[in-house]
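What follows draws every value from the coordinates through simple rules; no lab data is involved. Keep in mind that this is a model prediction, so the values were computed, not measured.
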Amino acid sequence: MKYLIFILSFLSANIIAAQTEDQQFYETFEMTEGDTTYVMKKYYMVFLKPGPNRDQSEEEAAEIQRGHMAHMNKLAEEKKICMAGPFDSDGSIAGMVIYSCFSKEEAERLTQMDPAVKAGRLLVEIHPFWAAMGSKLF
């Protein structure tokens, strides 16, 4: 029994340490305004633009879109995506994604794994930006 408690304590300590270790890689700083202090965190806003390869058949395009959505849902479950969605226009930007990751290189790697980007249906443009942690839309 003592051995089991020791193992569980060891595992709990390592999980907490891993969480703390992960958190130190995010770029953050504190900003005080009046009596409120905000923790600002760097996020990566990705603009999705129509790519050069958009001549797939309707069936192929639908399959690529299913892969794109599966990729986005997986990243959302992993808490790598804070928000995503299409734009309501036929402009030069089809949609956007806000990534919560450690670096621009990680954001680039995650976007390059997207089946729609791989197929050339989408191009990406990545912009680092700062927001207060815990910010939300109304």
Gain in span if fully extended, residue 38 to residue 73, counting 0.36 nm per residue against the direct Cα distance: 9.7 nm
Length gained, residue 30-residue 118, 0.36 nm per residue minus C-alpha separation, equals 27.9 nm
How much length, in nm to one decimal, is gained on full extension between residue 54 and residue 93, taken as 0.36 nm per residue of separation minus their Cα-Cα distance? 12.6 nm
Under 17 Å between alpha carbons: how many lysine pairs meet that in segment 35-138, if sequence neighbours fewer than 8 apart on the same chain are excluded? 14
All-pairs Cα distance distribution in segment 26-132, expressed in whole percent, bin size 10 Å: 14, 42, 27, 11, 4, 1
